[in-house]
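Here the structure is laid out as C-alpha coordinates; the discussion comes afterwards.
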Amino acid sequence: MRVVGLDIHRVFAEVVMLADNKVVRLGRIGMTRDHLEAFARTLTHDDHVVVEATGNAAAVVEVIAPYVGRVVI
(Lines give C-alpha, C1' and ligand atoms only; values in the text may rest on other atoms or scores of the structure.)
Protein backbone atom coordinates (compact mmCIF):
# COMPACT_ATOMS: atom_id res chain seq x y z
CA MET A 1 0.00 0.00 0.00
CA ARG A 2 1.16 3.50 -0.84
CA VAL A 3 -0.15 6.66 0.80
CA VAL A 4 -0.50 9.73 -1.41
CA GLY A 5 -0.95 13.23 0.00
CA LEU A 6 -2.38 16.20 -1.89
CA ASP A 7 -1.78 19.77 -0.70
CA ILE A 8 -4.46 21.56 -2.72
CA HIS A 9 -4.19 25.10 -4.09
CA ARG A 10 -6.47 26.89 -6.56
CA VAL A 11 -4.77 25.87 -9.78
CA PHE A 12 -2.44 23.06 -8.71
CA ALA A 13 -1.82 20.49 -6.02
CA GLU A 14 1.53 19.47 -4.54
CA VAL A 15 1.73 15.68 -4.37
CA VAL A 16 3.85 13.43 -2.16
CA MET A 17 3.84 9.67 -1.76
CA LEU A 18 4.87 7.40 1.09
CA ALA A 19 6.05 4.08 -0.32
CA ASP A 20 8.46 1.56 1.17
CA ASN A 21 8.98 3.87 4.19
CA LYS A 22 10.25 6.67 1.92
CA VAL A 23 8.55 9.97 1.14
CA VAL A 24 8.82 10.94 -2.50
CA ARG A 25 7.78 14.31 -3.90
CA LEU A 26 5.79 13.70 -7.08
CA GLY A 27 5.48 17.37 -7.97
CA ARG A 28 2.54 19.46 -9.05
CA ILE A 29 -0.62 18.48 -10.85
CA GLY A 30 -3.19 20.83 -12.31
CA MET A 31 -6.55 21.16 -10.60
CA THR A 32 -8.59 20.59 -13.75
CA ARG A 33 -10.66 17.42 -14.06
CA ASP A 34 -8.48 16.22 -16.95
CA HIS A 35 -5.26 16.63 -14.95
CA LEU A 36 -6.73 14.99 -11.85
CA GLU A 37 -8.03 12.02 -13.84
CA ALA A 38 -4.70 11.59 -15.61
CA PHE A 39 -2.95 11.56 -12.23
CA ALA A 40 -5.54 9.20 -10.70
CA ARG A 41 -5.00 6.72 -13.54
CA THR A 42 -1.37 6.35 -12.36
CA LEU A 43 -2.62 5.09 -8.97
CA THR A 44 -3.96 1.66 -8.01
CA HIS A 45 -6.80 0.28 -5.92
CA ASP A 46 -4.20 -0.51 -3.23
CA ASP A 47 -3.35 3.18 -2.81
CA HIS A 48 -4.77 5.44 -0.13
CA VAL A 49 -5.05 9.17 -0.80
CA VAL A 50 -5.17 11.96 1.78
CA VAL A 51 -6.62 15.25 0.52
CA GLU A 52 -6.23 18.59 2.29
CA ALA A 53 -9.54 19.89 3.66
CA THR A 54 -10.23 22.91 1.44
CA GLY A 55 -13.21 24.31 -0.43
CA ASN A 56 -12.72 22.08 -3.47
CA ALA A 57 -11.65 18.90 -1.62
CA ALA A 58 -14.97 17.12 -2.26
CA ALA A 59 -14.63 17.68 -6.01
CA VAL A 60 -11.08 16.27 -5.96
CA VAL A 61 -12.28 13.21 -4.02
CA GLU A 62 -15.06 12.65 -6.55
CA VAL A 63 -12.55 12.47 -9.40
CA ILE A 64 -9.89 10.36 -7.64
CA ALA A 65 -12.05 7.91 -5.64
CA PRO A 66 -12.87 5.48 -8.49
CA TYR A 67 -9.16 4.81 -9.06
CA VAL A 68 -7.93 4.12 -5.51
CA GLY A 69 -8.73 2.01 -2.49
CA ARG A 70 -9.53 4.87 -0.13
CA VAL A 71 -9.65 8.66 -0.10
CA VAL A 72 -9.87 10.72 3.09
CA ILE A 73 -10.14 14.44 3.60
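The values are calculated or read from the model by the stated rules, or taken from the named source; none is laboratory data. Predicted model only: the values in this text are computed from it and were never measured. Every residue, glycine as well, gets a Cβ built from its backbone with ideal geometry; the counts of neighbours run over all protein chains shown. For accessibility, only protein heavy atoms count, side chains too; no ligands or nucleic acids. Shrake-Rupley method; radii C 1.70, N 1.55, O 1.52, S 1.80 Å.
Please report, as a whole percent, how much of the solvent-accessible surface of the chain comes from carbon and sulfur atoms (probe radius 1.4 Å).
Values: 2450 of 4560 Å².
That share works out to 54 percent.
Specify the longest stretch of the chain that does not include any exposed loop site, a site being one of the trypsin sites (Lys or Arg not before Pro) with a non-H, G, I, E, B DSSP assignment and at most 16 other Cβ atoms within 10 Å. Within the chain, the longest run free of exposed trypsin sites (Lys or Arg not before Pro) spans 42-73. A simple spin-label model places the labels of Ala59 and Asp46 3.3 nm from each other, with each point 7 Å out along Cα-to-Cβ. Rounded to the nearest whole Hz, the Karplus-based 3J(HN,Hα) values (6.51 cos²θ - 1.76 cosθ + 1.60, θ = phi - 60°) of the stretch 3-10 follow the sequence 10, 10, x, 10, 9, 8, 10, 5, with x at glycine and proline. For His9, nonlocal amide neighbours, meaning residues 5 or more places apart or on other chains whose placed amide H falls under 5 Å from its own, are Glu14. Relative contact order, whole percent, for the chain stands at 31, derived from Cα pairs under 8 Å and 6 or more residues apart. Over the chain, dividing the summed -39,500 (n - 2.57) contributions of all DSSP H runs of at least 4 residues by the number of residues returns a 222 nm mean residue ellipticity of -6000 deg cm²/dmol. From the Kirkwood radius over Cα pairs of the chain, Stokes-Einstein at 10 °C and 1.306 mPa s returns a whole-number translational diffusion coefficient of 133 µm²/s.
Charging the Cβ of each Asp and Glu at -1 and of each Lys and Arg at +1, and nothing else, the dipole of the chain about its Cα centre rounds to 120 debye.
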